[in-house]
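The structure under discussion appears below in the form of structure tokens.
The values are calculated or read from the model by the stated rules, or taken from the named source; none is laboratory data. Remember, predicted model here, so these are calculated numbers, not experimental data. Positions of Cβ are generated from backbone atoms using ideal geometry, with glycine treated the same way; all protein chains shown enter the neighbour counts. These area figures cover heavy atoms from the full protein model, side chains too; ligands, DNA and RNA do not enter into them. Shrake-Rupley method; radii C 1.70, N 1.55, O 1.52, S 1.80 Å.
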Amino acid sequence: MTIVETKGVTKDYREGRTDVHALRGVDLKIGEGEFIAVAGPSGSGKTTLLNIVSGLDSATAGEVRVDGEEISGMRPAALSGLRLRKIGFVFQSYNLIPVLTARENVEFTMLLQGVPAGERRKRALEMLRHVGLEGLENRRPPTLSGGQQQRVAVARAIVTRPRLVLADEPTANLDSETGAKLLDLMRELNREENMTFVFSTHDPMVMDYSRRLIRLHDGQVASDERREGEGG
Amino acid sequence: MMLLKTAWRNIGRNKRRSVLSALAIGFAFGLLVFSMALQRGSYVDMIQNTVRVHTGHLQIQQAGHFPERLLSEKLDPAGILEAVDKLPRVVGAAPRVMTAALVSKGEHTFGAAVFGIDPEREKTVSTLASVVREGAFLAPDDREGVLLGTTLAKNLGAAVGDEIVFIGQGADGSMAAGKLIVRGLFKMGMGDLDRAAMAVHLATVQKAFSMEGGVTEIAVLLDSERMRPEAEREVRAKLDGMGRKDAVVLGWPTLMPGVEQGIRVDWNSGLIMYAALVLVVGFGIANTFLMAYMERIHELGVLLALGMPPRRLSRMVYLESVLLVGLGILVGLAGGVPITYYYQVNGIDFGINEELTAKYGMSSVIHAQLEPLVFAWAGGIVLAISLAVALYPALKAARIKPVEALRHT
Ligand SMILES: Nc1ncnc2c1ncn2[C@@H]1O[C@H](COP(=O)(O)OP(=O)(O)OP(=O)(O)O)[C@@H](O)[C@H]1O
Ligand SMILES: [Mg+2]
């Protein structure tokens with residue numbers, strides 16, 4: 001089953017007088033349960049692609065379908081709803097809510113989904129333990145290290161078990177050991193719950209973990225290879 | 001609950017700014033409560049004055065007497081005074097015949113308002129007895145005496161002990177005339193009354209003006225203006241019980257519409273001024289709300305990215321402003337009410353020539369009045385303006401484009 005499909009997606013930004021072509025015709029089909037790394041040099045369009053797939057940004061041209069729904073013309077409220085129900089997002093720069101504790105940050109999407117308080121709390125604590133943040137549940141983001149914050153961000157994205165997780169360079173600020181632990185966790189969720197993961201990354205380890213590696217170059221798909229073996 | 005907590009903590013983020021805006025809102029609210037209460041207090045004085053000098057709180061008249069005030073539409077006071085005296089809120093009741101006449105002494109003739117009064121009963125209702133400057137107030141049975149306004153006396157060239165004559169028209173159209181001896185001069189401190197009013201024994205006026213024992217009004221003084229509507233109903237009920245369908249009960253606002261209108265105009269123009277003041281404060285607050293919003297655009301973008309519906313985001317931003325406004329109002333209540341209450345108990349002395357004001361039975365001291373109306377209007381104005389102002393960032397928040405917000409640092 002296809003969860004994401006893009007057809008001829010382009011994205012142009014106007015920078016002063018010149019147009020920047022961030023994406024120039026991207027055709028992709030992402031099946032449910034895939035574990036994908038999107039690699040490419042800085043400026044090749046990785047973040048732009050993830051933003052468009054999640055509906056945070058709109059494509060200049062082309063079609064984007066998420067779980068069968070065409071999202072190009074959707075209203076902001078509908079897109080928010082789609083993200084809330086189906087998509088978890090990990091940002092390149094964590095983007096935690098500074099006034100909330102680690103636990104409350106993880107609870108936040110569940111709150112939006114209407115999960116009852118007790119359940120929310122239980123799941124958040126469990127997830128924080130999973131990402132190795134036991135004991136730090138009541139700390140606020142500014143008092144956590146970059147790596148710890150990124151783990152909270154990952155916990156927040158996956159705690160609701162969304163069908164699709166989009167992660168923009170999730171390991172960029174982590175040491176390789178912590179990075180590997182997070183990847184293991186996500187791999188596990190991928191296998192056990194059939195959640196789909198798409199990472200953008202420069203990190204060879206993430207590429208190693210992935211089962212499909214898409215390389216972007218200048219806003220186009222330069223290569224798209226499936227990698228069997230690793231992890232089965 | 002968590003949204004509330006989030007909003008609350010966001011307020012705590014820039015404590016200095018939040019405290020300052022809460023103080024600004026609180027100050028505006030407290031100031032409004034204080035000045036509105038003082039304004040209401042000054043009306044109490046004004047009403048008290050009107051009631052004591054002119055009409056009483058209520059009057060009982062013959063139906064149809066008001067507003068032409070023809071002597072022929074006269075009320076038979078039989079039994080009414082005694083009955084009204086017994087009502088709990090009634091302080092005093094005085095029968096009167098109010099009419100007009102020409103008064104002369106020697107060469108001089110002037111027009112004057114004639115107050116036919118029952119001296120003993122009048123003391124329980126009006127201040128007339130207390131503003132007699134020269135001579136003395138009328139004795140209970142003094143059928144020949146007259147009290148003159150000081151200016152009228154001067155114009156006539158009359159002094160205490162002098163004789164004057166009056167001439168007017170009786171209830172039946174006949175001529176009313178008589179001789180009177182000046183017993184005293186009064187000074188109300190109101191030009192009109194001092195220049196053109198005289199008080200004579202009720203019986204004398206009734207006889208001269210062919211009133212056949214009738215009166216033009218029974219003035220009733222109550223223990224408080226606030227209870228006037230209830231008292232009016234009670235008096236009405238009493239009259240009905242006596243089968244006096246011919247009598248009507250009128251409140252002072254009906255009898256002196258100018259005073260009531262004056263109060264209304266003063267209050268309304270006050271409200272406009274207060275709204276303008278709060279609007280100025282509102283612009284300051286708007287700036288604060290907007291800054292608190294701009295600083296967090298990035299974060300709001302994150303919330304949208306997490307799937308928060310734009311309208312809910314908008315509500316959250318609004319909630320923060322509402323909390324801040326609520327906090328401000330609490331501050332205003334905590335600061336404004338005790339201060340105002342102090343001046344409600346002790347009064348504020350505007351010192352407008354104490355000696356003079358005291359002489360006229362008025363007071364230069366205004367007691368603030370913390371009426372529900374004051375809180376309703378002060379709260380209403382502050383809430384309406386600050387909550388309207390808070391709409392701007394909230395509505396803006398609903399239109400944030402996630403990627404643009406996320407790029408905002
Ligand atoms: N808002 C914008 N305005 C103008 N140009 C933009 C904007 N956002 C992205 N771009 C441009 O689009 C291109 C793709 O940017 P994008 O952020 O997708 O790259 P990336 O692959 O994520 O890079 P990195 O690895 O550095 O994160 C770049 O040339 C970038 O300068
Ligand atoms: Mg990027």
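Structure above, values below:
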{"quantity": "Taking region B:56-252 and dividing mean pair separation by its residue count, relative contact order in percent (alpha carbons under 8 Å, at least six apart)", "calculated": "35"}
{"quantity": "Stretchable slack from A:Met1 to A:Arg139, in nm (0.36 nm times residue separation minus alpha-carbon distance)", "calculated": "45.6 nm"}
{"quantity": "Heavy-atom accessible surface of region B:56-252: percent carbon and sulfur, 1.4 Å", "calculated": "52"}
{"quantity": "Buried area at the B-A interface (accessible, heavy atoms, 1.4 Å probe, summed, Å²)", "calculated": "2200"}
{"quantity": "Per-residue ³J(HN,Hα) for region B:47-53, Karplus 6.51 cos²θ - 1.76 cosθ + 1.60, θ = phi - 60°, Hz, x for Gly and Pro", "calculated": "5, 4, 4, 4, 5, 7, 8"}
{"quantity": "Between region B:183-255 and region A:193-222, the Cα center-to-center distance that results, in Å", "calculated": "97"}
{"quantity": "Table column - 3J(HN,Hα) (Hz), region B:73-78, Karplus curve with 6.51, -1.76, 1.60, x for Gly and Pro", "calculated": "8, 10, 9, 7, x, 3"}
{"quantity": "Where B:Arg315, A:Arg140 fall by accessible area, highest first, once all protein chains stay in place (1.4 Å)", "calculated": "B:Arg315, A:Arg140"}
{"quantity": "Greater than 25 Å apart at Cα, pairs in A:Lys122/A:Lys181; B:Lys74/B:Lys207; B:Lys123/B:Lys245; B:Lys86/B:Lys187", "calculated": "B:Lys123/B:Lys245; B:Lys86/B:Lys187"}
{"quantity": "Percent carbon-and-sulfur accessible area, region A:1-61, ignoring ligands, DNA and RNA, probe 1.4 Å", "calculated": "47"}
{"quantity": "Signed unit charges on C-beta, dipole axis of chain B, positive-most listed residue B:Met188, B:Asn346, B:Leu406", "calculated": "B:Leu406"}
{"quantity": "Percent accessible area from carbon and sulfur atoms, region B:262-409, protein chains only, probe 1.4 Å", "calculated": "68"}
{"quantity": "Kirkwood Rh in Å, taken over all unlike Cα pairs in chain B", "calculated": "25.5"}
{"quantity": "For region B:284-317 versus region B:16-39, the gap between their alpha-carbon centres in whole angstrom", "calculated": "26"}
{"quantity": "Whole-Hz ³J(HN,Hα) from phi, Karplus 6.51 cos²θ - 1.76 cosθ + 1.60, for region A:55-60, glycine and proline x", "calculated": "x, 6, 10, 10, 6, 6"}
{"quantity": "Alpha-carbon radius of gyration plus Dmax, which is the widest Cα pair, for region B:61-214 in Å", "calculated": "15.2, 50"}
{"quantity": "Rg [Å, one decimal], Dmax [Å, integer] - the protein assembly as shown, C-alpha atoms", "calculated": "42.2, 133"}
{"quantity": "Residue-normalised accessible area of region B:56-252, expressed per residue, 1.4 Å probe, Å²", "calculated": "43"}
{"quantity": "Whole-Å distance, taken between Cα centres, linking region B:70-110 and region A:75-151", "calculated": "83"}
{"quantity": "log10 of Debye I(q)/I(0), alpha-carbon scatterers only, for chain A at 0.10 Å⁻¹", "calculated": "-0.45"}
{"quantity": "Protein-protein interface of region B:277-308, residues with accessible area decrease of at least 10 Å², isolated chain reference, 1.4 Å probe", "calculated": "B:His298, B:Glu299, B:Val302, B:Leu303, B:Leu304, B:Ala305, B:Leu306, B:Gly307, B:Met308"}
{"quantity": "Minimum 30 Å² accessible area buried by the other protein chains, region B:311-331 residues, probe 1.4 Å, relative to alone", "calculated": "B:Arg312"}
